[in-house]
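Report on the structure given below.
The values are calculated or read from the model by the stated rules, or taken from the named source; none is laboratory data. Only a predicted model underlies this, so the values are computations on that prediction, with no experimental measurement involved. For neighbour counting, all protein chains shown are included, and Cβ atoms are generated from backbone atoms with ideal geometry for every residue, glycine included.
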Amino acid sequence: MQQIIKSAHLATDVEKAIQSIHYDKLFILTDENTHTHCLPLLTEIPLLHDAKEIVIPAGDSNKTIENLSRVWQLLTENGATRHSLLANLGGGMVTDLGGFAAATFKRGITYINISTTLLGAVDAAVGGKTAINFGGYKNEIGSFYPSKSVIISSDFFRTLDHTALLSGYAEMIKHALIHSEAEWEKIMAYSFDEIDYTKLNELVFRSIKIKQDVVEKDPFEKNIRKALNFGHTTAHAFESFAMSSGRPVPHGYAVAWGMIVELWLSYRLCDFPKDKLQRSVRFIRDHYGAFPITCDYYEALYEIARHDKKNIGDLIHFTLLSDIGEVKIDQTSDKELVFEAFDFYRDSVGL
């Protein structure tokens, strides 16, 4: 079982997590941003003084097989064995790529995640999914391989800009929608005008608990874990399309826009309440703006969604909702209705 550590003192908790693991050599994976801004927060840990750091370029567009290969190569060159430990210090890109490197190097080495972003804390670092992008598709190659522990520290949240906070918050909206109306009400009521970090931290750890509970029931996504895919079929289409167009978007923003599409499909196919649809959409529109698409893009977006790894055959499989907390997995829709959902998205965000 993956241990989630709610850190009160970052350096102390990281040191304890490392000390709890028997290893021969320690490696730490950072990207260019976390090398500069986050690693200095851990310099007081004596164990890290002898660790070999591996630095990769920042940004999801660098979650590639080339950078994965570079991590493998540096592990090899520096004498890593099956008993080595990899500490991933970063957001979702670092924990995704680092987790997959750990899963595949010498058939699997132990790793821990030290999440530095809100998005990474509530999404990528927890649950054991690891992956890289490939062939223009998001998270196309990967494995289920959970880290030994995940360290979540609010010290990092205070350093994040508004966009990074909102990107993580989108996953929290998703967790609330698949969980309960009470949680959704709390998420909808939070104000980003004057950020209350104490309140945000409470919401974050409740959100992580929602995801962890789902993952523990279905670690390999055979059934109920598919609930966590809500909004993501469309989100990954938006992300892949944006990346191929040379205008990448934050993952959480794509999830927010994807939820608009899939909430409307939920309304049409599963009788999701219209008032809750409208309120959720208003919150997303007011906070996340819009990814500009025209009807000329529908065919390309549909084809990307059809390629999603969660599908069976040519049918696109969605996770939808009949109400907040009432999840309907493996729902399908014809192409015409998906295009109508894209129309609803454009109308909702003012395109």
Checking Ser191, Ser147, Ser143 in turn, the sole residue that is over 27 Å from Pro40 (Cβ atoms), in a loop (DSSP other than H, G, I, E, B) and among the hydroxyl-bearing types (Ser, Thr, Tyr) turns out to be Ser191
Per the filter on segment 91-108, residues aliphatic (A, V, I, L, M) and either farther than 21 Å from Asp13 by Cα or touching a Gly at 6+ places or on another chain (Cβ under 6 Å) (or both) are Met93, Leu97, Ala101, Ala102, Ala103
Note on segment 153-171: residues outside any helix (DSSP H, G or I) and surrounded by fewer than 20 Cβ atoms within 10 Å (Cβ to Cβ) are Arg158, Thr159, Leu160, Asp161
**Asked** Quick check: is even one residue across segment 319-339 of a type in the set (Phe, Trp, Tyr), buried (at least 18 other Cβ atoms within 10 Å of the Cβ) and more than 29 Å from Gly59 (Cβ to Cβ)?
**Response** no
Subset of segment 145-162, residues in contact with a strand residue (DSSP E or B) (Cβ under 6 Å, 6 or more places away or on another chain) and not β-branched (Val, Ile, Thr), comes to Tyr145, Ser147, Lys148, Ser149, Ser153
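This table checks each residue for (1) under 15 Å from the mean Cα position of the chain (by Cα); (2) touching a residue at least 12 places away in the same chain (Cβ under 8 Å).
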{"residue": "Asp196", "(1), (2)": "no, no"}
{"residue": "Val204", "(1), (2)": "yes, yes"}
{"residue": "Phe241", "(1), (2)": "no, yes"}
{"residue": "Ser245", "(1), (2)": "no, no"}
{"residue": "Pro250", "(1), (2)": "yes, yes"}
Residue pairs within 7 Å by beta carbon, gap of at least six or interchain, first lying in segment 135-155 and farther than 18 Å from Lys6 by Cβ, second modelled with pLDDT of 95 or more and surrounded by fewer than 17 Cβ atoms within 10 Å (Cβ to Cβ), listed first then second, are Tyr145/Gly108
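If the requirement is being among the basic types (Lys, Arg), under 17 Å from Asp13 (Cβ atoms) and either surrounded by 22 or more Cβ atoms within 10 Å (Cβ to Cβ) or at pLDDT 95 or above (or both), which of these qualifies: Lys174, Lys186, Lys148, Lys138?
Lys148
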Residues of segment 294-318 being crowded, with 19+ Cβ neighbours inside 10 Å, at pLDDT 95 or above and out of contact with any strand residue (DSSP E or B) (no Cβ under 6 Å at 6 or more places or on another chain), in sequence order, are Leu301
Listed by range, helices (runs of 4 or more DSSP H) wholly within segment 22-117 having at least 2 residues that are surrounded by 21 or more Cβ atoms within 10 Å (Cβ to Cβ) and either under 17 Å from the mean Cα position of the chain (by Cα) or without any contact (Cβ under 8 Å) to a residue 60 or more places away in the chain (or both) are 65-77, 92-104
- Is it true that some residue in segment 306-314 is part of a helix (DSSP H, G or I), among the hydrophobic types (A, V, I, L, M, F, W, C) and assigned by TED's automatic domain parsing to the domain that holds Phe344? no
Q.
For the structure I just gave you, tell me whether Met259 is more than 15 Å from the chain's Cα centre (by Cα), part of a helix (DSSP H, G or I) and outside the structural domain of Asn133 (by TED's automatic domain parsing).
A. no
ask   = Is one or more of the residues making up segment 163-173 charged (D, E, K, R) and in the same structural domain as Arg306 (by TED's automatic domain parsing)?
value = yes
